[in-house]
1. In this structure, is B:Ala95 out of contact with any Gly (no Cβ under 6 Å at 6 or more places or on another chain) and in the same structural domain as B:Arg80 (by TED's automatic domain parsing)?
2. Restricting to the stretch A:64-92, name every residue that is more than 20 Å from A:Pro111 (Cβ to Cβ) and either away from DNA strand D (no atom under 16 Å from the Cβ) or within 14 Å of chain B (Cβ to nearest Cβ) (or both).
3. Taking the stretch A:81-110 only, how many residues are in contact with a helix residue (DSSP H, G or I) (Cβ under 6 Å, 6 or more places away or on another chain) and β-branched (Val, Ile, Thr)?
4. Kindly indicate which of A:Leu196, A:Leu151, A:Leu189 is open to solvent by less than 10 Å² (accessible area, probe 1.4 Å) and either at pLDDT 65 or above or farther than 15 Å from B:Leu166 by Cβ (or both).
5. Filter the stretch B:141-167 for residues that are more than 19 Å from A:Leu196 (Cα to Cα) and part of a helix (DSSP H, G or I) and give the result.
6. Between B:Ala137, B:Ala105, which is surrounded by fewer than 20 Cβ atoms within 10 Å (Cβ to Cβ) and away from DNA strand D (no atom under 16 Å from the Cβ)?
7. Which residues, counting only those in the stretch B:34-49, are in contact (Cβ under 8 Å) with a residue 40 or more places away in the chain and either within 7 Å of DNA strand D (Cβ to nearest atom) or under 20 Å from B:Gly121 (Cα atoms) (or both)?
8. Can you pull out the residues in the stretch B:51-63 that are surrounded by 13 or more Cβ atoms within 10 Å (Cβ to Cβ) and free of Cβ contacts under 8 Å to residues at least 40 places away in the same chain?
There are 2 protein chains.
Amino acid sequence: MSWRKEQRRAERGYHHGNLKEALLQAALGLIAEKGAAGFTFADAARMAGVSAAAPYRHFRDRDELLSSIAQRGFEQFEARLSAAWDDGRPDTVTAFERVGKAYLAFAREEPAFYNAMFESGVPVDANAALQAASERAFNVIRAAAERLAALTPPGTPRPPAMMMALHIWSMAHGVASLFSRGDAARRKLPMSPDELLEAEVLIYLRGLGFPIDRRPPAKGAQPPPVPPEAPSGSGVPPGGPWGKPK
Amino acid sequence: MSWRKEQRRAERGYHHGNLKEALLQAALGLIAEKGAAGFTFADAARMAGVSAAAPYRHFRDRDELLSSIAQRGFEQFEARLSAAWDDGRPDTVTAFERVGKAYLAFAREEPAFYNAMFESGVPVDANAALQAASERAFNVIRAAAERLAALTPPGTPRPPAMMMALHIWSMAHGVASLFSRGDAARRKLPMSPDELLEAEVLIYLRGLGFPIDRRPPAKGAQPPPVPPEAPSGSGVPPGGPWGKPK
DNA sequence: CGGCTCATGTAAAGGTCGTTCACATGAGCT
DNA sequence: AGCTCATGTGAACGACCTTTACATGAGCCG
């Protein structure tokens, strides 16, 4: 079994050259497989082909590696939410919906990052950079909420954007955490997490007075979902995010 | 250091007498202190005054202890949600709100249970009893949603109760998980988690067509009778869940 | 009352981890 | 060519999880 290590050594020499990056990648894979709790520093080192002590040249301890991953996660998260938001194009509500979907997509497609960010026990304030990254990601939601709040139809009280942002975040995180990942996904559901979240957000927005028409996740092209920022006078249209009344 | 063990032995004899229960209690305390990840089987044994191997007479392994705790947690959770629901008294909406508060209160007051139930990585289906307990707890929310759905004002489409229940659960879990516990609570908020969730649920319910007046837990009842509910010190000022429009 | 049995506890040992420390290596600069 | 310092190694420590062989004694049976 030792030839393996010798071979590695032969291949890459005494110095790895890019160990820090290799460790981050290895950890990412391991977390995706076994969760942040199951991931071990030693495994990451083995996977990178170095001794168990080597990682300590690049990370103070296991927790620092974990919080580095969480930080990167928040950065990618911000990028994806930003892209989804696309500065509110083509219209605010549609873009807002897209952000919600992007949230779930990230949780689903990047389980390792999501795990490190929200389920690993790494405190948000473990690290200034981590905290900053986390806030930048949240600020995407916050900015979107700001724009949405500014659109409240006349006659309706305008909700604080911060509160809206927190609400949306809690919905997205709740759905992702309960129904959309790992063993949590084993709960039997009458609909997909995406549909669940979409309906939830639409109902919520309607509760705020937004004129939301019925339009689940369907793609069947209807008229432009919401005419560009023109609050139609209609109250609560028939139908609803969940389909036809019974 | 060994006199300690000897003394324990002297106090209680070779056989502990109630080790299983003692281990559960010890684990509960340790989880509350250091989280499910930080809790160790050995520590629990030490705390109960037995050798490290003794717990294996009562639990197959560490995970089984954890899932036992999760199961008990779901049982107590169900009890508290049921009590809060109180079969919909005095009126459905008020009782529903109370369930939401009870959810957060449980997450806050029983961090060890909540941790074991939702954040420990124990899969819900690790154990048939665990899964059953989890479903019973959810069924309280589901039953409440059912009653609420039956109340939808005429002319409004009736949402599926199951979906409502899942929405409410995701909101409560999202708020609890992000803002109401441990280091997550370190995020700075413009309002308390309780207020946040309450506003969120009210807005959601309004989105479903419920005639929610713009003032959550207040006592001065308007159309819906809200007699003597404890004001619960909610700091939500008049003017709706979010305050006055600007 | 005496003895048997089996649930319950103990000690010891093997394996894995996280972490530290003294030492080895070699890449890059002078 | 030689020096230096970042980077990697191996060995060692203590803690944990888990298994195994053995010890204890509570409860039952005759």
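1. no
2. A:Ser82, A:Trp85, A:Asp86, A:Asp87, A:Gly88, A:Arg89, A:Pro90, A:Asp91, A:Thr92
3. Total meeting the criteria: 2.
4. Within the list A:Leu196, A:Leu151, A:Leu189, the selection yields A:Leu196.
5. Answer for the stretch B:141-167, where residues must be more than 19 Å from A:Leu196 (Cα to Cα) and part of a helix (DSSP H, G or I): B:Arg147, B:Ala150.
6. Values: B:Ala137 fails: surrounded by fewer than 20 Cβ atoms within 10 Å (Cβ to Cβ).
Exactly one of B:Ala137, B:Ala105 is surrounded by fewer than 20 Cβ atoms within 10 Å (Cβ to Cβ) and away from DNA strand D (no atom under 16 Å from the Cβ), namely B:Ala105.
7. Taking the stretch B:34-49 as the starting set, the residues that turn out to be in contact (Cβ under 8 Å) with a residue 40 or more places away in the chain are B:35-37, B:49.
Hits for the stretch B:34-49 are B:Gly35, B:Ala36, B:Ala37.
8. Filtering the stretch B:51-63 for residues surrounded by 13 or more Cβ atoms within 10 Å (Cβ to Cβ) gives B:52, B:54-56, B:58-59, B:62-63.
Of everything in the stretch B:51-63, those that are surrounded by 13 or more Cβ atoms within 10 Å (Cβ to Cβ) and free of Cβ contacts under 8 Å to residues at least 40 places away in the same chain turn out to be B:Ala52, B:Ala54, B:Pro55, B:Tyr56, B:His58, B:Phe59, B:Arg62.
The values are calculated or read from the model by the stated rules, or taken from the named source; none is laboratory data. On a predicted model such as this, the values are computed, not experimentally measured, just so you know. Using ideal geometry, Cβ is built from the backbone for each residue, glycine included, and neighbour counts are taken over all protein chains shown. Protein only, heavy atoms only, side chains kept; ligands, DNA and RNA dropped before computing areas. Shrake-Rupley method; radii C 1.70, N 1.55, O 1.52, S 1.80 Å.
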